[in-house]
Amino acid sequence: EAGVTQFPSHSVIEKGQTVTLRCDPISGHDNLYWYRRVMGKEIKFLLHFVKESKQDESGMPNNRFLAERTGGTYSTLKVQPAELEDSGVYFCASSQVVGGYTFGSGTRLTVV
Amino acid sequence: AQSVAQPEDQVNVAEGNPLTVKCTYSVSGNPYLFWYVQYPNRGLQFLLKYITGDNLVKGSYGFEAEFNKSQTSFHLKKPSALVSDSALYFCAVREISNTGKLIFGQGTTLQVKP
């Protein structure tokens, strides 16, 4: 079974630009989660999709972040405009049941 | 509010020695506890979890963790460390909610020296 795929693996953008991260979950997994680790700190929850619906987006830091999951398959996380403090590693995870996670390898975002 | 603490930023051990990476938690109700590992340039990999049952949980790569309810701890252990165990380790607790989101600790870097 293919795992959770994220791309790009790395992205370096300038402050004020837009970046879109993509996550392809394991096929058949209804639950999709986004997490973020800012350098040296804990990994923090951003949001949770069940199929195409946002179940919980309490962790989204502000309205510069927009997550979508069209058709309940892959998900995108757009940051527009990016700020320096958005730098970090963005993880995606999927599961068939709530809490049974498989994580992707992450996207390292650097905003300069 | 639920929380997880990993009191050590870094743990250094010599290869062949036992290792312990500490984790304490604060939850209401029974905790679902996890350990994940991140090797350099890799994603988060599941090591083990405690849901219920035996307090000593065995996981991948020879790791185990001991759930201690009275001390609210879930320390990760391995009897004999390998250089290849050097990585970043995260303890997490699953929130009791419809989301089931994980609350992570800050992470502990394990450095195993030959």
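Results, tabulated for the structure shown:
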| quantity | calculated |
| --- | --- |
| Heavy atoms of B:HIS75 accessible to a 1.4 Å probe, total area in Å² rounded to 10 | 40 |
| Shape call, the range B:19-108: gyration tensor on alpha carbons, a/c limit 1.5 | oblate |
| Relative contact order of the range A:5-111, pairs being alpha-carbon contacts under 8 Å that are 6 or more residues apart, as % | 37 |
| All lysines inside 17 Å of B:LYS113 as judged from Cα atoms, apart from same-chain residues fewer than 8 positions distant | B:LYS77, B:LYS78 |
| All lysines inside 30 Å of A:LYS54 as judged from Cα atoms, apart from same-chain residues fewer than 8 positions distant | A:LYS15, A:LYS41, A:LYS44, A:LYS78, B:LYS49, B:LYS101 |
| Positive minus negative residues near B:SER84 (Lys, Arg vs Asp, Glu; Cβ under 15 Å) | +1 |
| Most fluctuating residue given options B:VAL13, B:VAL93, B:VAL37, as computed from a GNM of chain B linking Cα atoms under 10 Å | B:VAL13 |
| Counted charge near A:GLY88, where neighbours are those whose Cβ lies closer than 15 Å (Asp, Glu -1; Lys, Arg +1) | +3 |
| Only Lys, Arg (+1) and Asp, Glu (-1) charged, at Cβ; the range B:3-113 dipole about Cα centre in debye | 160 |
| Cα centre as origin, Lys/Arg/Asp/Glu Cβ charges: the protein assembly as shown dipole, Debye | 60 |
| Kirkwood Rh (inverse of mean 1/r, distinct Cα pairs), the range A:5-111, angstrom | 13.6 |
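The values are calculated or read from the model by the stated rules, or taken from the named source; none is laboratory data. Just so we're clear, the structure is a prediction, and the values are computed from it rather than from any experiment. FYI the Cβ positions are ideal-geometry reconstructions off the backbone, even for glycines, and counts take in every protein chain you see. All accessible areas refer to the heavy atoms of the entire protein, side chains included, with ligands and DNA or RNA removed. Shrake-Rupley method; radii C 1.70, N 1.55, O 1.52, S 1.80 Å.
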